[in-house]
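Student: Have a look at this one before I ask anything.
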Amino acid sequence: MDFASIMNLEPHGPDTYVGVGPQYPWGGLYGGQIVSQALRAATLAVEPEFEVHSLHAYFIRRGDHDEPTRFEVERVRNGRSFVTRRVVARQAVGAILSMSASFQRPEPGAEVQTAVLPDVPLPDQLDDSESWSTMFSRRFVTRSTWSGEAESEAGRRLGPGRAAAWLRNTEPVADEPGLQSCALAYLSDDIPTDAVVAQHPDRLKGEEHDWWSASLDHAIWFHRPLRADEWHLYDFTCHGLLSSRGLAVGHVFTLGGSHVATIAQEVLLRRPPKA
């Protein structure tokens with residue numbers, strides 16, 4: 001199944017859509033898939049002159065790839081400059097995701113960028129990293145490729161509290177309203193957990209575990225137009241851990257250094273139970 005198929009939501013009544021997803025290696029559904037489909041459903045209920053500028057989502061239950069997902073859109077507000085949509089994704093077990101998205105009619109204003117693309121190797125200087133999906137390519141930035149330092153497998157994603165990788169969709173993404181933002185939303189759930197794991201005290205001591213993790217909540221701020229089928233650097237830093245929850249905040253940059261999005265995700269991270 002490709003990204004276009006995932007985005008092909010079927011109408012099932014007013015502001016209600018149904019979508020499907022593939023089976024993933026870990027079982028269940030991928031959080032980025034559900035967020036991207038929820039954003040797609042919200043976009044279909046918005047006039048085309050409005051562009052998404054932010055979304056905030058809560059993952060409620062694990063999704064089942066063996067059944068379709070129903071996306072119910074509520075038109076919370078229609079304004080002249082902004083519109084707001086709320087989407088609940090449901091399966092037989094009940095709600096699996098709740099998301100709010102805000103859209104703005106573009107308007108003139110000051111444009112200032114303070115986030116800066118870090119001085120890391122470009123994707124053509126890196127090897128493809130093993131990916132769990134054929135829908136996107138991934139090239140991790142590691143301490144050795146960046147600084148020339150020796151590294152262990154435990155530290156291959158830059159080191160304490162940081163993870164960065166170049167990502168892009170493997171197939172071209174159509175120029176339909178909002179579809180590029182949906183594609184970024186799909187990719188946005190891939191790297192945050194790596195940053196949280198990299199900050200865990202056990203990892204810092206060199207201990208390796210088969211970590212159990214789950215995305216709890218997710219936010220994206222869309223700053224500038226993008227093409228998700230071109231390389232973008234996803235650079236995440238863990239901002240701390242507490243009660244098995246770690247917060248990762250990341251910036252997304254084009255090859256030319258344009259800051260196109262900011263992502264924040266809280267990850268539930270648990271050590272595996274002792275045998």
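The values are calculated or read from the model by the stated rules, or taken from the named source; none is laboratory data. As the structure is a prediction and not an experimental result, all values here were calculated from the model. So basically every Cβ, Gly included, is an ideal-geometry build from the backbone, and we count neighbours across all protein chains shown. To get the accessible areas, we keep the full protein, side chains included, count just its heavy atoms, and leave off ligands, DNA and RNA. Shrake-Rupley method; radii C 1.70, N 1.55, O 1.52, S 1.80 Å.
Student: Scan segment 239-258 for residues that are over 15 Å from the mean Cα position of the chain (by Cα) and either of a type in the set (Phe, Trp, Tyr) or open to solvent by 10 Å² or more (accessible area, probe 1.4 Å) (or both) and jot them down.
Tutor: In the first step, residues of segment 239-258 are kept if they are over 15 Å from the mean Cα position of the chain (by Cα); the result is 239-246, 254-258.
Within segment 239-258, 239, 240, 241, 242, 243, 244, 245, 254, 255, 256, 257, 258 meet the criteria.
Student: Another one. Is there any pair with a first residue in segment 170-197 that is at positive phi and a second that is modelled with pLDDT under 95 whose Cβ atoms are under 9 Å apart and which are 6 or more apart or on different chains, and what are they?
Tutor: Between residues of segment 170-197 that are at positive phi and residues that are modelled with pLDDT under 95, the close pairs are 178/48.
Student: Do you know which residues across segment 1-29 are open to solvent by 20 Å² or more (accessible area, probe 1.4 Å), in contact (Cβ under 8 Å) with a residue 40 or more places away in the chain and either closer than 18 Å to residue 85 by Cα or not hydrophobic (A, V, I, L, M, F, W, C) (or both)?
Tutor: 2, 12, 15, 17, 18, 22, 23, 25 - these are the residues of segment 1-29 that are open to solvent by 20 Å² or more (accessible area, probe 1.4 Å), in contact (Cβ under 8 Å) with a residue 40 or more places away in the chain and either closer than 18 Å to residue 85 by Cα or not hydrophobic (A, V, I, L, M, F, W, C) (or both).
Student: Hey, another quick one. Between 87, 52, which is buried (at least 19 other Cβ atoms within 10 Å of the Cβ) and within 24 Å of residue 165 (Cβ to Cβ)?
Tutor: Values: 87 fails: within 24 Å of residue 165 (Cβ to Cβ).
One residue alone meets the criteria, 52.
Student: Go through (1) farther than 16 Å from residue 40 by Cα; (2) touching a helix residue (DSSP H, G or I) at 6+ places or on another chain (Cβ under 6 Å) one by one and return the number of the condition residue 216 breaks.
Tutor: So the condition that residue 216 fails would be (2).
Student: Which of the residues spanning segment 181-196 are out of contact with any Lys or Arg (no Cβ under 6 Å at 6 or more places or on another chain) and open to solvent by 10 Å² or more (accessible area, probe 1.4 Å)?
Tutor: Once the filter is applied, which keeps residues that are out of contact with any Lys or Arg (no Cβ under 6 Å at 6 or more places or on another chain) and open to solvent by 10 Å² or more (accessible area, probe 1.4 Å), segment 181-196 yields 181, 189, 190, 193.
Student: With (1) open to solvent by less than 50 Å² (accessible area, probe 1.4 Å); (2) more than 20 Å from residue 56 (Cα to Cα) as the list, and residue 215 as the residue in question, which single condition is left unmet?
Tutor: Result: residue 215 fails condition (2) only.
Student: In segment 55-78, which residues are open to solvent by less than 50 Å² (accessible area, probe 1.4 Å) and at pLDDT 95 or above? Please lay out each step first, then the result.
Tutor: Kept after step one, since they are open to solvent by less than 50 Å² (accessible area, probe 1.4 Å), are these residues of segment 55-78: 55, 57, 59, 63, 65, 69, 71, 73.
If the condition is that a residue be open to solvent by less than 50 Å² (accessible area, probe 1.4 Å) and at pLDDT 95 or above, then 55, 57, 59, 69, 71, 73 are the ones that fit.
Student: Here is a list of conditions, (1) more than 20 Å from the chain's Cα centre (by Cα); (2) open to solvent by less than 20 Å² (accessible area, probe 1.4 Å); (3) at pLDDT 95 or above, and residue 159 meets all of them except one; can you say which number that is?
Tutor: (3)
Student: Which of the numbered conditions does residue 265 fail, given that it passes all the others? Conditions: (1) surrounded by fewer than 18 Cβ atoms within 10 Å (Cβ to Cβ); (2) farther than 17 Å from residue 114 by Cα; (3) polar (S, T, N, Q).
Tutor: (1)
Student: Of all residues being modelled with pLDDT of 90 or more and of a type in the set (S, T, N, Q) in segment 120-156, which is least open to solvent (accessible area, probe 1.4 Å)? Just the residue, please.
Tutor: 137
Student: Considering only segment 162-178, state which residues are closer than 12 Å to residue 238 by Cβ and open to solvent by 10 Å² or more (accessible area, probe 1.4 Å).
Tutor: 162
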